[in-house]
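One structure below.
The values are calculated or read from the model by the stated rules, or taken from the named source; none is laboratory data. Here the structure is a predicted model, which is why all the values come from computation and not from measurement. For neighbour counting, all protein chains shown are included, and Cβ atoms are generated from backbone atoms with ideal geometry for every residue, glycine included. These area figures cover heavy atoms from the full protein model, side chains too; ligands, DNA and RNA do not enter into them. Shrake-Rupley method; radii C 1.70, N 1.55, O 1.52, S 1.80 Å.
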Amino acid sequence: MRQFLAAAAIAALGGAVDPTATLSLSSGASMHAAPAAFGASIPSEGDAWKLTLRFPGDLLDGCDPAAALWPAASTKKDGVAVLAARSPNCTFSQRAAAAAKAGAKVLIVYNTVEGIYRNRSKADKKYDYDCDRGRGSVAKPFTKADKLDGFRASSCASACKSGRCLLTGDDYEDGAEVCCAWDTYMTMAGDDKGSALDADKIAAVFVTMRDADKLRKDPDLTLPAPNAATAALWDDSDDSIFSWSSIAIWALGVATCAYAAWASGDEIRKRTRRAANGGAATHAAVGASDEDPMDFELTPLHAVGFICIASGSLLVLFYLDLY
C-alpha cells in the first residue's frame, strides 16, 4: 500500500510543465509547445491558426524592441510567428513586446545553451544538467562558440538525449567536466514592466532545443531566404471543468486517509480476533497486552498547530532554496 501511494504521488505531482500546444509544419514535422503564462489564448485544433514561421533576421534572440530592425517579421505581418532564441539579454515579456511591435501574431521561443547558462561560467547542477544521463570531458582551452553550442562533438553529447552538454565547474588534468543538459519545456512568465501590455497582444509558446533542431532542418526556414515556413498552431488542453491532475491528487488524499483509518484500527481488530478465537483463556494468557491503550484526542488546536508548522516549513524551503 505504501508503495502504491508513493507511485501515485509521483504520477500526480511529476512533470511541472505540460506542453499542451502543438506546432505542425507543412513539411510534416510536428512538435509540442508550452504556452506562456501571459499573452493571447491559443485556439483549439478545430480553429488552429495558420502561421508563417520566420527567424527575426540577425536578431536571433528577439530582444531588440526596435520593430524597424525586424525585416524578416515585418515583410508579412498577418499571421507571422517569430522564432526567437532564449537568452539572458531580455525577459520573455520584452521579447513578446518586440514581436508585437513588429506585427507578429505569435512568439515562439526555443531553448538554447546560452539561455541555460544565463551569463554564468558554469551550469547549475540542481536545475541545468544530469551527469547520470551523460558525462565527459572537453579539452582546454575551448572556444566560447563550442561552449554555447553545448560541446556537440564531445562523447558526452553523443550519449545525451538533448545532444548538448554543460560545464559543471569541475576540472580534470586534461580538460573540463561536462554533463548532459536538461532540455525541458517551461512556462514563460510575464513581468510587471511596461512591456507586459504589448506582450499580452500576441500568443507565446516555448519549445525545446531538439524542437529547434527540427525547425532549422526545414528548407523553408533557411537564412537569409526563404525564411518563411507554413505551419499551424493549436492548443490541445482540455477546457472542461474536470482536471485530471486535481482528480489524481484528490484520489491520493482519499487513499491516504482510508489507509490511515484502516491502520489505526489494527490493534482493535487483533483484540477482536483473539477474543473470538481464544475466549477467556487467550485473554488471560495475553494479560496486560489487552489493556486499552491510552486515548489521544485530536482537538482544533492540534489542527491549527499542524497548519502553522507545515506552512512555516514550506516558507523556509521556498525562501531559503532548500528544496
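Brief remarks on what is shown
- Order of exposure, largest accessible area first, which applies to 49, 182, 262, 250 with probe 1.4 Å: 250, 262, 182, 49
- Summed over the residues of the stretch 124-174 and divided among them, the accessible surface reaches 64 Å² per residue at a probe radius of 1.4 Å.
- Each pair of Cα atoms in the stretch 83-144 enters the Kirkwood radius, and Stokes-Einstein at 4 °C and 1.567 mPa s then converts it into a translational diffusion coefficient of 92 µm²/s.
- Exceedance of the 18 Å cut-off in Cα-Cα distance is limited, within the set 126/214; 122/161; 105/217; 161/214, to 126/214; 122/161; 105/217.
- Taking 0.36 nm per residue of separation and subtracting the Cα-Cα distance, full extension of the segment from residue 307 to residue 159 would add 48.7 nm.
- Taking all protein chains together and rolling a 1.4 Å probe, residue 188 ends up with roughly 0 Å² accessible.
- The largest accessible area among 268, 108 belongs to the first residue in 268, 108, and the rest follow in falling order (1.4 Å probe, all chains).
- With the simple spin-label model, which puts each label point 7 Å out from Cα in the Cβ direction, the residue 149 to residue 274 separation comes to 7.5 nm.
- In this simple spin-label model, placing a label point 7 Å from the Cα along the Cα-to-Cβ direction at both residue 139 and residue 266 gives a separation of 6.2 nm.
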